[in-house]
Amino acid sequence: APAPPPAQHLFNDPAEIEALRGNLLAWYDKCRRDLPWRTLAATEQDADRRAYAVWVSEVMLQQTQVATVIDYYNRWMQKWPTLQALAQASLEVSTAGIGCSPCPPGSSSNTRLCVLEQEVNELWAGLGYYSRGKRLQEAARKVVSELAGRVPRTAEDLQKLLPGVGRYTAGAIASISYGQATGVVDGNVIRVLCRLRCIGADSSSPAVIDQLWDMANALVDRSRPGDFNQALMELGATVCVPKAPLCGECPVKQHCRAWRRKLFGKPTPVPDVENCGVGGCPLCPPAAEPWDSSLGVTNFPRKAAKKQPRVVRTATCVLERRGCRGALEYLVVQRPSSGLLAGLWEFPSLPLAQDLQEEKQREVLADHLQAWMGKPVATGGLQFIGEIIHIFSHIHQTYVIYSLSLDGDVTLDPALSPSRWVTEEEFHASAVSTAMKKVL
Ligand code: SF4
């Protein structure tokens, strides 16, 4: 078995663990933010409803800020207040099939779930990572149809039985909804724990992540595990923040080795500290990048250099016409049901080769539009509007925007992806990505 990590990076003293729990929970009781999912978790008597309320919040909070999530969460819970409500809507559609209510008559077979997916996407639009909403829906169906409506009661079963529920979400649901004494590790917890114990090895490496899970499981308060986990995350979100942590106000500073190191200029003396910092310690910063005193506690955590995002250019055309009631209408088409921005609506778009000259861009875009409209498009009619940059986590995307005004009617080819004409108001209410909203 591998040797245990040096004591510098561990919590070995039961009295210190007890004190840390007490300090953190006392701070949380005084300073916690009022959030709708916390109110539901604290007041809902039914364990399944409680688990659903926490589950939805945790899925929405992945990669998205609390302030942004609140409004989406309230709207979602109003529309589908229980897991049964969400599963029920989706089961009705999938069993009734083509032309069912709420699907309009004439829906083709591959759009059986179209209307519901549309609703999910519309509620989710703006939160990003759209597949999360879809997976939540799939998991709800599974609970109702295969697990007799009962949400699994332990972190292990939640992770094993529910699609889209990973180790973190399972731990959060089980500790907050059921009081299971199990830890959680997310970005905030990684930062706090790495600072508390001066862990400077690559915090995205499996060895460090495993160590942090062990630590989170050992630290979690046995009588208030849900509050403890939320407190640790809240500390990371509001006090132990990435760039300028508020160490002076921190309720656990007396347990923080990064803070002590900053104050005293040297590592905390612990019995086997000589094992650390001289190479070979799996949790210390690499020897080539030692402690930098100008960074203070923000020496921790550290990540291996990020991969450069992929650079993509896409031509997008805003096709507009005067609708029968005189208002301008725009053509939107639906993206494929998997991959980036799955199932969302956008203006007709196509990827461009890098460094394609403007004249060539017009030609390829005109060819692409011809397929939609069934008649030739003159490149001269395309008006260049400008460029918009949108950064996805792994893609640096530039949209090159053109517009084209149409006279007369256009018959859309039903064999192509679904498409429709929308007014500006309808466009903004539709399931379109944030990037597309920037275009109009
Ligand atoms: Fe974070 Fe500073 Fe608190 Fe340490 S003392 S946990 S670095 S806020």
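Quick notes on this one:
- Hits in region 381-405 - residues which are assigned to a loop (DSSP other than H, G, I, E, B) and closer than 30 Å to Glu119 by Cβ: Phe392, Ser393, His394
- If only residues of region 406-436 that are touching a residue at least 40 places away in the same chain (Cβ under 8 Å) and assigned to a helix (DSSP H, G or I) are counted, the one that is surrounded by the most Cβ atoms within 10 Å (Cβ to Cβ) is Met436.
- Test: residue in region 230-237 that is in contact with a Leu (Cβ under 6 Å, 6 or more places away or on another chain), modelled with pLDDT of 95 or more and either polar (S, T, N, Q) or part of a loop (DSSP other than H, G, I, E, B) (or both): no
- Taking region 192-217 as the range and being out of contact with any strand residue (DSSP E or B) (no Cβ under 7 Å at 6 or more places or on another chain), away from the ligand (no atom under 16 Å from the Cβ) and not aliphatic (A, V, I, L, M) as the test, the residues that pass are Ser204, Ser205, Pro206, Asp210, Gln211, Trp213, Asp214, Asn217.
- Within region 177-191, the presence of a residue that is within 16 Å of the ligand (Cβ to nearest atom) and touching a strand residue (DSSP E or B) at 6+ places or on another chain (Cβ under 7 Å) is excluded.
- Candidate set: region 328-344, residues that are of a type in the set (Ser, Thr, Tyr) and in a loop (DSSP other than H, G, I, E, B); chosen: the one farthest from His428 (Cα to Cα): Ser338
- Count - residues of region 401-425 that are of a type in the set (D, E, K, R) and either closer than 16 Å to Leu127 by Cβ or at pLDDT 90 or above (or both): 1
- Of the residues contained in region 201-216, one or more are found to be in the same structural domain as Ser293 (by the TED database) and under 21 Å from Trp55 (Cα atoms).
- Inter-residue pairs, beta-carbon under 9 Å, first over 18 Å from Gly236 (Cα atoms) and in region 288-302, second within 14 Å of the ligand (Cβ to nearest atom) and part of a loop (DSSP other than H, G, I, E, B), 6+ apart: Glu289/Gly200; Pro290/Gly200; Trp291/Cys198; Trp291/Gly200
- Here Val165 meets the list (1) at pLDDT 90 or above; (2) assigned to a helix (DSSP H, G or I); (3) among the β-branched types (Val, Ile, Thr) almost entirely, failing just condition (2).
- Which listed residue is in contact (Cβ under 8 Å) with a residue 24 or more places away in the chain, surrounded by 15 or more Cβ atoms within 10 Å (Cβ to Cβ) and over 24 Å from the mean Cα position of the chain (by Cα), from Ala231, Ala201, Ala237: Ala201
- Of all residues in region 194-205, none are farther than 30 Å from Arg260 by Cβ, part of a helix (DSSP H, G or I) and not aliphatic (A, V, I, L, M).
The values are calculated or read from the model by the stated rules, or taken from the named source; none is laboratory data. From a predicted model like this one, the values you see are computed outputs, not experimental measurements. Neighbour counts are summed over all protein chains in view; Cβ atoms, including those assigned to glycine, are modelled from backbone coordinates with ideal geometry.
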